[in-house]
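Visitor: Take a look at this one; I'll ask things after.
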Amino acid sequence: MRIPFLSLFLTSPFEGLQEHAEKIKECTWAFQQAIECHITDQCESFEEFRLEVDRLESEADAIKRRIRGHLPKGTLMPIDKFELFRYLHEQDKVLDAVEEALDWLSFRSEPGIPKTLEKDFYLLVDAVMDPVEEMCRMVSEARKYFINFSAKQRRLVKDIIHTLRQQEHEADKVEDAIKQKVLNMTIESVIIFHMIRLAETIGSIADHAENAGDMMRAMLAR
């Protein structure tokens, strides 16, 4: 017989996971604004958006530490504690990728992206936003499942994970199209390297969101 998840805790760790996921979603909104600012080459607020992401990342780190520090020792759990930690680590990797992308952009003193690539990068940023939104929804619905263990709720979470995988695949296609386009452009090698690495880093946002979905599916299987 399943033990109601919330009966084991004064506060469910899934409350913290959801709070952490929502903070990541806030970061991706600031990230999107920062990228759009950088692409236009007329916006002077890029550094402000980057600092906003840093601030939100620090808040997310505090939530992560709180989750890790408040799991009661020696308490029977319906999921493995280390699975929970691995899930949290992968969810946090989404945020790491957001920070890395903005840091990578900031390394070049010359702002902007080649005109022929602007639309492509807009599409890529939009494509990686969807899996982050879906990841937040997944955590919210999983939290409900680990309260009542409803078969219907479990199917809903699995459907969300399936959607997340499809969205990551679409983001991969946009990333690959950018890399193919860049490698066939006649531009400076340093710009080629910068654009390829930028596309891969932005694309990894969706990769880590999908990985989080796979880990959630493993927790559902217990």
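The values are calculated or read from the model by the stated rules, or taken from the named source; none is laboratory data. The shown structure was predicted, so the numbers you read here are calculated from the model rather than taken from an experiment. Cβ coordinates were reconstructed from backbone atoms using ideal geometry, including for glycine residues, and neighbour counts include every protein chain displayed.
Visitor: Just the residues that are surrounded by fewer than 17 Cβ atoms within 10 Å (Cβ to Cβ) and either modelled with pLDDT of 90 or more or within 21 Å of the chain's Cα centre (by Cα) (or both), please, taken from the stretch 68-88.
Guide: 68, 82, 83, 85, 86
Visitor: I've got another one for you. Within the group 180, 166, 91, which residue is among the polar types (S, T, N, Q), in a helix (DSSP H, G or I) and buried (at least 16 other Cβ atoms within 10 Å of the Cβ)? Even if it seems obvious, please write down each step before you answer.
Guide: On the way: 180 fails: buried (at least 16 other Cβ atoms within 10 Å of the Cβ); 166 fails: buried (at least 16 other Cβ atoms within 10 Å of the Cβ).
That would be 91, the only listed residue that is among the polar types (S, T, N, Q), in a helix (DSSP H, G or I) and buried (at least 16 other Cβ atoms within 10 Å of the Cβ).
Visitor: If you scan the stretch 185-208, which residues turn out to be charged (D, E, K, R) and over 18 Å from residue 131 (Cβ atoms)? Walk me through how you get there before you give the answer.
Guide: Kept after step one, since they are charged (D, E, K, R), are these residues of the stretch 185-208: 188, 197, 200, 207.
Passing the criteria: 188, 197.
Visitor: Restricting to the stretch 94-129, name every residue that is aromatic (Phe, Trp, Tyr), in a helix (DSSP H, G or I) and surrounded by fewer than 19 Cβ atoms within 10 Å (Cβ to Cβ). Give the steps one after another, and end with the answer.
Guide: Residues of the stretch 94-129 that are aromatic (Phe, Trp, Tyr), as a first pass: 104, 107, 121-122.
Of the ones still in play, those that are also in a helix (DSSP H, G or I) are 104, 121-122.
Listed by number, the residues that qualify are 104, 122.
Visitor: Right, another one. Of all residues in the stretch 124-155 being of a type in the set (A, V, I, L, M) and under 15 Å from residue 168 (Cβ atoms), which is nearest to the chain's Cα centre (by Cα)?
Guide: Residue satisfying both the conditions and the ranking: 132.
Visitor: Still on this structure, I have one more. For the stretch 183-206, enumerate the residues that are free of Cβ contacts under 8 Å to residues at least 40 places away in the same chain and either of a type in the set (Val, Ile, Thr) or part of a helix (DSSP H, G or I) (or both).
Guide: 183, 186, 189, 190, 192, 193, 196, 200
Visitor: So, one more: I'd like the residue in the stretch 190-222 that is of a type in the set (Gly, Ala, Ser) and at pLDDT below 95 and, out of all such residues, is surrounded by the fewest Cβ atoms within 10 Å (Cβ to Cβ).
Guide: The extreme case among them is 221.
Visitor: Give 176, 172 a once-over and let me know the one that is touching a residue at least 24 places away in the same chain (Cβ under 8 Å) and over 30 Å from residue 15 (Cβ atoms).
Guide: Values: 176 fails: touching a residue at least 24 places away in the same chain (Cβ under 8 Å).
Just a single option satisfies the conditions, and that option is 172.
Visitor: Please enumerate the residues belonging to the stretch 38-67 that are crowded, with 19+ Cβ neighbours inside 10 Å and modelled with pLDDT under 90.
Guide: Scanning the stretch 38-67 gives 38, 39, 46, 67.
Visitor: Does any residue in the stretch 104-115 that is within 14 Å of residue 36 (Cα to Cα) come within less than 7 Å, Cβ to Cβ, of a residue that is surrounded by fewer than 14 Cβ atoms within 10 Å (Cβ to Cβ) six or more places away or on a different chain, and which pairs are these?
Guide: Cβ pairs passing all conditions: 111/41; 112/41; 114/187.
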